[in-house]
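Read the structure below first, then the notes.
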Amino acid sequence: MTAEILAPFLPRKHGSADDGLPEGVLGGRLARIDGPAKVTGAAAFSLEHRPEGLVYMALVRAPVAAGALTVDAEAARAAPGVVATLTPETFPALASASDWTGAPGPEGPWRPIGPEARWMGQPVAAVVAETWEEAAEAAALVRISGEDGAAFASDLHAPDAPEGFAMEPADIVWGDAEAALAGAETVIEATYRTPREHHVAIEPHGMIAQWDGDRLTIHEPSQWVDGMARAHAERFGIPFENVRIVSPYIGGGFGSKAMAYAWSALAIQAARDLGRPVKLALTRAQTFTALGGRAATRSTLRIGADAEGKLVGIDLNSASETSLDAIWPENPGPPASEMYAVPNFRARHRLVQVNSVTPGALRAPGESPGAFGLECAMDELAWALRMDPLSLRLKNYAETDPRSGKPWSTRRLREAFAAGAERFGWWDRPLAPRSMREGRELIGWGMASGAFPVINTPAEARVRIGTDGRAEVLSGGTEMGQGTYTILAQTAAEAIGLPAGAVSVRLGDSELPGAPVSGGSQLANLMTGAVMKAARAARDELVALALTHPASPLRDAGNDLEISGGRLRAPRDGGEGVSIADLFAATGAPGIDVMRDTLPEGSTAQDRFETFTTVTRMGRGANSPTASMSWIAHFAEVRVDEDFGTVRLSRLVSAVDAGRLYNPRLAESQVKGGAIMGIGMALLEEGVIDRRFGRAINDNLGDYLAPTQADVPGIEVIDVGVPDYDASALGGKAVGEIGIVGVAPAIANAVFHATGKRIRDLPITLEKVLETPAFA
């Protein structure tokens with residue numbers, strides 16, 4: 001029985017109980033140190049900055065998805081309070097910025113607004129006025145006319161949708177999938193679709209731009225202050241050092257606040273022209289068309305197995321939408337290649353260009369839609385074989401990375417299966433659909449698994465120990481709710497020997513030590529590593545000061561000292577020792593200031609610049625002897641009203657292997673946040689486009705449905721990880737994005753178990769439940 005097979009893998013302890021570590025050290029459950037400032041309103045977000053002389057910008061959007069445009073801003077210029085209008089005819093040529101890989105942009109002049117519409121809602125003009133109300137009123141007076149060109153907004157879900165084009169390298173191949181599937185005992189083939197999804201961060205996108213001579217200061221919510229500063233510097237022809245981006249807090253990003261969008265150049269240019277700071281805050285509707293969300297995807301999967309359920313081959317043919325202006329692949333292929341031991345595999349991905357804003361990164365790009373297709377297909381295969389879905393996954397458990405052949409650095413997915421199944425009560429699940437009900441509610445249990453790669457980039461950090469005995473951590477890394485302030489305070493506190501309350505943290509400023517993009521779930525691992533290195537060096541200098549300075553009270557204490565609670569003492573000395581503040585007072589030393597990085601030895605200034613302003617140093621450890629991934633198993637219970645087709649998620653248990661958790665409380669919160677986004681993906685979220693005109697129909701939070709408290713049950717997170725020092729210096733793995741991966745298929749599989757209806761097109765709405773035949 002599968003339960004007995006998994007029994008040896010049950011962790012000795014699991015769940016969210018306190019692990020006994022002090023709150024103030026790394027691994028302790030310290031509450032957010034930035035929490036009080038946020039709940040009392042003291043935390044200063046970027047768009048709350050109020051420089052003297054501030055004026056306000058409102059964008060004007062294209063009313064058509066394609067065709068030549070004529071912009072008439074005469075009425076807007078004459079409106080009360082207007083100080084400037086920006087149109088394609090008047091906007092100056094800028095330089096093209098290099099992309100996020102550092103590759104040069106297109107040659108020739110670059111203008112963020114032009115005379116041709118490429119998608120409906122594209123920013124094509126702007127108005128600046130003394131107040132926001134005046135700017136918005138004047139923007140409504142701008143008249144746009146011209147040719148209404150033929151927009152291409154093909155539906156990936158339609159039978160006649162084009163195949164698209166390949167982006168090299170697009171295919172993943174080993175063995176001979178076609179031959180293996182031809183000889184398989186059981187083959188399932190199905191197409192799975194995910195719609196457009198949008199970030200819908202509570203904090204709007206925007207910026208406040210201010211010039212001082214040739215120096216530019218920008219207050220903007222940013223997941224990557226150095227990378228965005230580079231783009232602005234290149235566009236406006238000024239040195240990188242002359243651009244400062246300030247972003248101490250971010251009110252939700254999820255991948256959407258990591259790039260310098262074209263519309264940001266409008267505010268910067270207006271601020272230069274006017275000699276006044278300019279604020280641009282996008283409206284909620286504009287966030288649906290001025291930046292991209294997750295692209296729609298289509299995945300056709302064929303999976304074959306022998307009579308015992310052993311996989312013999314997987315063939316995946318997928319496509320996703322991208323824009324006419326740039327390429328963004330939402331590729332389900334890599335996640336399908338990482339999960340199961342399969343001797344024959346092929347994944348092909350194609351891109352379909354449409355008149356749309358360019359899609360972008362949304363939590364777990366590629367991995368989340370990829371998991372939906374793969375994990376639903378595995379559930380379909382399990383039903384075809386009349387096998388328990390968890391048993392099928394265990395039978396095809398990958399002991400090594402199927403793609404590279406490397407051993408895993410750690411893979412505790414069996415432990416996640418064991419702990420999650422036990423806590424959920426999985427082994428009481430009847431195999432047949434429609435076997436559980438309460439009154440008119442059908443009850444279903446489904447499960448799925450997921451993975452997310454461990455990505456690493458070097459970082460740097462500064463640690464100061466002041467004469468008052470307090471420490472300060474400084475980094476350009478960002479805080480968007482993941483707990484960066486807290487875990488870095490814990491890191492420095494542990495390394496130096498201070499209470500966490502004696503450590504302050506400054507983040508989100510491009511004048512601070514460099515940090516790469518806060519994306520790919522890498523920031524916690526790379527920043528704790530850099531801060532630990534700097535803090536240990538600062539501690540060593542402090543100990544050396546105490547042992548060698550002629551005026552130190554501890555000069556004759558021996559060869560080493562220990563530091564605890566902010567006091568230095570000799571080992572085995574039962575006395576109170578000397579406080580750090582008293583040591584500085586006695587020696588007259590000015591404090592300690594240490595800068596350290598995790599760049600390779602011998603790195604140049606150019607290496608440093610490229611590390612923090614491009615993704616060229618961001619990788620998955622191609623030269624490592626092991627493959628590193630985070631793993632998760634989700635167990636979901638749904639209740640489906642048999643008459644109305646409504647689906648309600650009533651339970652979710654998520655067991656995760658993310659290596660060492662630097663703060664279990666915050667890591668659990670991250671996994672829950674990802675799971676809530678997965679609930680939205682499964683049941684609610686869908687960016688609807690009018691295919692006749694390319695218009696975003698539900699560009700508001702009334703019609704674009706995101707999960708609310710009423711949609712989210714209690715979510716239990718179980719930690720089964722162990723420190724993985726192959727994955728990162730301090731043993732952690734990816735946490736921020738793993739939570740969303742696999743939630744949608746777990747819910748879809750539970751709906752099938754409840755109803756016998758296989759819904760392969762997200763979101764799962766009541767119409768689809770009612771219209772889909774059972775056992776389809």
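The values are calculated or read from the model by the stated rules, or taken from the named source; none is laboratory data. Note that the structure is a prediction, hence the values are computed from the model and not measured. Virtual Cβ from ideal backbone geometry, glycine too; neighbours counted across all protein chains shown. Please note that ligands, DNA and RNA were not included when accessible areas were found on the heavy atoms of the full protein model with its side chains. Shrake-Rupley method; radii C 1.70, N 1.55, O 1.52, S 1.80 Å.
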Where H232 falls short, out of the listed (1) closer than 30 Å to L54 by Cα; (2) surrounded by fewer than 21 Cβ atoms within 10 Å (Cβ to Cβ): (2)
Counted residues, segment 680-728 - those being under 30 Å from L526 (Cβ atoms), without any contact (Cβ under 8 Å) to a residue 24 or more places away in the chain and among the β-branched types (V, I, T): 0
Subset of segment 639-664 [of a type in the set (S, T, Y) and open to solvent by 20 Å² or more (accessible area, probe 1.4 Å)]: T646, S650
Residues of segment 166-201 classified as modelled with pLDDT of 95 or more, of a type in the set (A, V, I, L, M) and within 30 Å of H232 (Cα to Cα), total: 2
I172, sole failed condition from (1) out of contact with any Asp or Glu (no Cβ under 9 Å at 6 or more places or on another chain); (2) under 30 Å from T616 (Cα atoms); (3) exposed (fewer than 14 other Cβ atoms within 10 Å of the Cβ): (3)
Residue in segment 438-447 that is more than 22 Å from T2 (Cα to Cα) and either open to solvent by less than 20 Å² (accessible area, probe 1.4 Å) or of a type in the set (A, V, I, L, M) (or both) present: yes
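Just give me the residues in segment 732-751 being open to solvent by 10 Å² or more (accessible area, probe 1.4 Å) and either assigned to a helix (DSSP H, G or I) or closer than 11 Å to A675 by Cα (or both), in sequence order. Even if it seems obvious, please write down each step before you answer.
Of segment 732-751, the ones open to solvent by 10 Å² or more (accessible area, probe 1.4 Å) are 735-737.
Answer for segment 732-751, where residues must be open to solvent by 10 Å² or more (accessible area, probe 1.4 Å) and either assigned to a helix (DSSP H, G or I) or closer than 11 Å to A675 by Cα (or both): G736, E737.
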Qualifying residue in segment 386-409 (condition: more than 20 Å from P343 (Cβ to Cβ), open to solvent by less than 40 Å² (accessible area, probe 1.4 Å) and without any contact (Cβ under 8 Å) to a residue 60 or more places away in the chain): no
Residue under evaluation D72, criteria (1) under 20 Å from I268 (Cβ atoms); (2) touching a Lys or Arg at 6+ places or on another chain (Cβ under 7 Å); (3) not small (G, A, S), criterion not met: (1)
For S603: the one exception among (1) among the polar types (S, T, N, Q); (2) surrounded by fewer than 18 Cβ atoms within 10 Å (Cβ to Cβ); (3) at pLDDT 95 or above; (4) more than 13 Å from E460 (Cα to Cα): (4)
Unique residue being open to solvent by less than 30 Å² (accessible area, probe 1.4 Å), within 30 Å of R414 (Cα to Cα), assigned to a helix (DSSP H, G or I) and at pLDDT 95 or above when the list is A667, A636: A667
Residue match in segment 673-682 (condition: surrounded by fewer than 23 Cβ atoms within 10 Å (Cβ to Cβ), modelled with pLDDT of 95 or more and within 20 Å of P453 (Cα to Cα)): yes
When residues of segment 549-592 are limited to those that are touching a Lys or Arg at 6+ places or on another chain (Cβ under 7 Å), open to solvent by 30 Å² or more (accessible area, probe 1.4 Å) and not small (G, A, S), the one nearest to A535 (Cα to Cα): E562
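Could you pull out the residue among E330, E321, E308, E375 that is of a type in the set (D, E), part of a loop (DSSP other than H, G, I, E, B) and open to solvent by less than 10 Å² (accessible area, probe 1.4 Å)?
Values: E321 fails: part of a loop (DSSP other than H, G, I, E, B); E308 fails: open to solvent by less than 10 Å² (accessible area, probe 1.4 Å); E375 fails: part of a loop (DSSP other than H, G, I, E, B).
None of the other options fit; the residue is E330.
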Number of the exception - M595 against (1) open to solvent by 30 Å² or more (accessible area, probe 1.4 Å); (2) not in a strand (DSSP E or B): (2)
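Being touching a strand residue (DSSP E or B) at 6+ places or on another chain (Cβ under 7 Å) and more than 24 Å from S624 (Cβ to Cβ): is that true of L442 here? Explain how you work it out, then say what you get.
Numbers: touching a strand residue (DSSP E or B) at 6+ places or on another chain (Cβ under 7 Å): yes; more than 24 Å from S624 (Cβ to Cβ): yes.
Spelling it out, L442 is indeed touching a strand residue (DSSP E or B) at 6+ places or on another chain (Cβ under 7 Å) and more than 24 Å from S624 (Cβ to Cβ).
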Verdict on R298 being within 30 Å of P402 (Cα to Cα) and in contact with a helix residue (DSSP H, G or I) (Cβ under 6 Å, 6 or more places away or on another chain): no
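Go through the residues of segment 63-82 one by one and say whether even a single one is under 33 Å from the mean Cα position of the chain (by Cα) and either surrounded by fewer than 20 Cβ atoms within 10 Å (Cβ to Cβ) or aromatic (F, W, Y) (or both). Full working, then the answer.
At the first step, the residues of segment 63-82 found to be under 33 Å from the mean Cα position of the chain (by Cα) are 63-66.
With either surrounded by fewer than 20 Cβ atoms within 10 Å (Cβ to Cβ) or aromatic (F, W, Y) (or both) added as a condition, the list becomes 63.
Checked against the condition, which is being under 33 Å from the mean Cα position of the chain (by Cα) and either surrounded by fewer than 20 Cβ atoms within 10 Å (Cβ to Cβ) or aromatic (F, W, Y) (or both), segment 63-82 yields at least one hit.
Okay, residues lined up against (1) hydrophobic (A, V, I, L, M, F, W, C); (2) out of contact with any helix residue (DSSP H, G or I) (no Cβ under 6 Å at 6 or more places or on another chain); (3) farther than 30 Å from V640 by Cβ:
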{"site": "R403", "(1), (2), (3)": "no, yes, yes"}
{"site": "S409", "(1), (2), (3)": "no, yes, yes"}
{"site": "R412", "(1), (2), (3)": "no, yes, yes"}
{"site": "P433", "(1), (2), (3)": "no, no, no"}
{"site": "G446", "(1), (2), (3)": "no, no, no"}
{"site": "G469", "(1), (2), (3)": "no, no, yes"}
{"site": "G476", "(1), (2), (3)": "no, no, yes"}
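Condition first: of a type in the set (S, T, N, Q) and open to solvent by 70 Å² or more (accessible area, probe 1.4 Å). Now tell me which residues in segment 24-55 satisfy that. Let's see the steps before the verdict.
Here is the first cut: in segment 24-55, the residues of a type in the set (S, T, N, Q) are 40, 46.
Selection gives T40 alone.
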Residue identified as free of Cβ contacts under 8 Å to residues at least 60 places away in the same chain and crowded, with 22+ Cβ neighbours inside 10 Å among S475, S504: S475
Among (1) open to solvent by 10 Å² or more (accessible area, probe 1.4 Å); (2) over 30 Å from L156 (Cα atoms); (3) part of a loop (DSSP other than H, G, I, E, B), the one test that E685 misses: (2)
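Given the criterion open to solvent by 80 Å² or more (accessible area, probe 1.4 Å) and either among the aliphatic types (A, V, I, L, M) or farther than 16 Å from N355 by Cα (or both), identify the matching residue among E116, E137, E130.
Values: E116 fails: either among the aliphatic types (A, V, I, L, M) or farther than 16 Å from N355 by Cα (or both); E130 fails: open to solvent by 80 Å² or more (accessible area, probe 1.4 Å).
Being open to solvent by 80 Å² or more (accessible area, probe 1.4 Å) and either among the aliphatic types (A, V, I, L, M) or farther than 16 Å from N355 by Cα (or both) holds for just one of E116, E137, E130, which is E137.
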Conditions (1) buried (at least 24 other Cβ atoms within 10 Å of the Cβ); (2) in a loop (DSSP other than H, G, I, E, B); number of the one not met by R276: (1)
Members of segment 714-727 that are open to solvent by 10 Å² or more (accessible area, probe 1.4 Å) and in a loop (DSSP other than H, G, I, E, B): G714, G721, V722, P723, Y725, D726
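Looking only at residues in segment 621-653 that are of a type in the set (G, A, S) and touching a Phe, Trp or Tyr at 6+ places or on another chain (Cβ under 8 Å), which one is nearest to K733 (Cα to Cα)? Talk me through it step by step, then tell me what you get.
If we filter segment 621-653 for residues that are of a type in the set (G, A, S), which is where we start, we get 621-622, 624, 627-628, 630, 633, 636, 645, 650.
Checking the rest, the ones that are also touching a Phe, Trp or Tyr at 6+ places or on another chain (Cβ under 8 Å) come to 627-628, 630, 633, 636.
Numbers: A627: 12, S628: 8, S630: 6, A633: 16, A636: 24 Å.
Only one residue tops the list, namely S630.
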